[in-house]
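Peer 1: Dumping the structure here so I can ask a few things about it.
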């Protein structure tokens with residue numbers, strides 16, 4: 001008799017919570033219907049020194065839903081999960097090796113659930129287990145943006161669905177849509193139940209006590225954008241100070257800062273100095289806790305961030321008003337234009353009030369009619385070959401709405417490259433010079449190779 005093994009690849013506790021909610025909602029069948037393996041990946045630049053998933057508070061509650069837990073980093077050591085993938089001729093050997101190591105029968109069916117099929121380790125797993133059905137689950141706002149890498153037919157044809165949280169009701173994900181992959185919502189009540197379960201497991205954490213004693217009314221979320229070369233460390237320090245100033249201007253005198261787990265200590269020091277000067281009480285929560293756990297216990301009245309998914313989670317699942325700071329700066333810095341952070345940034349910039357403009361914080365509800373056309377137009381400009389059918393509606397939208405859209409959404413140079421409305425004669429001339437130079441360089445290279 002052939003049995004089924006389901007392999008769930010995960011790298012963050014937020015992603016693991018999404019999977020747990022999907023399991024609880026029955027989206028992968030009954031508990032006894034298949035053996036379930038949790039495959040844990042640490043994708044940090046230096047995994048050996050980074051916070052591990054099993055060090056996060058509440059992890060054990062998630063792990064209990066699986067029959068076994070395996071470290072992908074340990075299995076492919078000394079290679080890095082983001083880099084390593086099997087050579088085409090070696091996939092069968094790797095599958096045999098992993099089946100043997102993980103106790104999977106030679107004839108057992110395998111299903112994969114991965115958090116990003118475009119890159120490793122998700123792509124490596126899909127190549128190794130080449131006959132498996134593939135389910136993709138989206139970790140946050142990235143699901144609303146386009147697929148960033150083209151997939152081979154051998155993988156795209158096996159993707160059954162995109163599981164995602166309904167963070168922006170009414171907005172349909174673009175991710176994998178060009179392959180006809182249907183999106184499927186992970187039920188809100190199931191996800192909130194998992195978050196509550198994790199929060200209850202951390203109720204006695206001693207690191208929460210100092211925060212709760214201060215009774216902060218606002219939460220500031222750090223993202224560590226310097227780590228991915230979007231901002232400099234100094235700019236990011238100042239971004240956190242701007243968050244603090246925005247919260248203070250909104251009337252909050254006690255705030256808690258939750259830095260990114262890999263952020264340097266200097267970030268907290270700079271913010272502490274700014275808080276003292278502004279007369280604002282500041283508590284820094286350096287603990288391996290989800291931001292959602294902090295919302296559960298502290299019950300804040302405001303959450304401030306740049307474009308973190310945890311901002312939108314605060315609004316969608318905890319009914320907390322939110323405010324943004326710095327989205328324009330970050331979007332202007334994104335390189336190249338198809339950077340996957342662009343759509344999450346645009347969503348937050350479009351929906352969330354700007355604290356620095358003294359806009360009152362608000363909750364994010366149903367997507368306004370203006371959001372989907374904007375996201376689709378941006379998605380086409382990011383990946384025009386994958387979404388060729390969107391050229392005409394994008395052209396029409398730009399003609400009607402570009403004048404009232406912030407310039408950092410659709411830079412003139414990008415519009416000129418794609419032959420879309422909005423580029424000036426000067427930009428088109430600049431592009432013609434660039435193309436001419438490329439033609440000359442290619443001709444020189446061909447001549448030199450003869």
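The values are calculated or read from the model by the stated rules, or taken from the named source; none is laboratory data. Model, not experiment: these values are computed from the prediction. As a convention, Cβ positions derive from the backbone with ideal geometry for all residues, glycine included, and neighbour counts pool all protein chains shown.
Peer 1: Which residue pairs have Cβ atoms under 7 Å apart, sit 6 or more places apart or on different chains, and have a first residue in the stretch 238-251 that is touching a residue at least 12 places away in the same chain (Cβ under 8 Å) and a second that is buried (at least 21 other Cβ atoms within 10 Å of the Cβ) and in a helix (DSSP H, G or I)?
Peer 2: 240/267; 240/271; 241/271; 244/271; 244/275; 246/355; 249/355; 250/355
Peer 1: Moving on to the next point. For the stretch 78-88, does any single residue satisfy the condition of being outside any loop (DSSP other than H, G, I, E, B) and either farther than 30 Å from residue 291 by Cβ or not assigned by TED's automatic domain parsing to the domain that holds residue 12 (or both)?
Peer 2: Scanning the stretch 78-88 turns up at least one residue that is outside any loop (DSSP other than H, G, I, E, B) and either farther than 30 Å from residue 291 by Cβ or not assigned by TED's automatic domain parsing to the domain that holds residue 12 (or both).
Peer 1: Could you tell me whether residue 226 is closer than 30 Å to residue 27 by Cβ, in a helix (DSSP H, G or I) and either under 18 Å from the mean Cα position of the chain (by Cα) or assigned by TED's automatic domain parsing to the domain that holds residue 172 (or both)?
Peer 2: No; evaluated as a whole, the condition is false for this residue.
Peer 1: Could I ask something else about it? If a residue must be at pLDDT below 95 and either in contact with a strand residue (DSSP E or B) (Cβ under 7 Å, 6 or more places away or on another chain) or crowded, with 22+ Cβ neighbours inside 10 Å (or both), how many such residues does the stretch 16-32 contain?
Peer 2: 0
Peer 1: Give 210, 183 a once-over and let me know the one that is more than 24 Å from residue 333 (Cβ to Cβ) and at pLDDT below 95.
Peer 2: It is 210.
Peer 1: For residue 197, all conditions in the list (1) assigned to a loop (DSSP other than H, G, I, E, B); (2) in contact with a helix residue (DSSP H, G or I) (Cβ under 9 Å, 6 or more places away or on another chain); (3) surrounded by fewer than 19 Cβ atoms within 10 Å (Cβ to Cβ) hold save one; what is the number of the exception?
Peer 2: (1)
Peer 1: So for the stretch 203-210 (the condition being within 15 Å of residue 113 (Cα to Cα) and in contact (Cβ under 8 Å) with a residue 24 or more places away in the chain), does at least one residue qualify?
Peer 2: No, the stretch 203-210 contains no residue that is within 15 Å of residue 113 (Cα to Cα) and in contact (Cβ under 8 Å) with a residue 24 or more places away in the chain.
Condition check ((1) in contact (Cβ under 8 Å) with a residue 24 or more places away in the chain; (2) assigned to a loop (DSSP other than H, G, I, E, B); (3) in contact with a strand residue (DSSP E or B) (Cβ under 8 Å, 6 or more places away or on another chain); (4) crowded, with 18+ Cβ neighbours inside 10 Å) across all residues:
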{"residue": "168", "(1), (2), (3), (4)": "yes, yes, no, yes"}
{"residue": "172", "(1), (2), (3), (4)": "yes, yes, yes, no"}
{"residue": "175", "(1), (2), (3), (4)": "yes, yes, yes, yes"}
{"residue": "181", "(1), (2), (3), (4)": "yes, yes, yes, yes"}
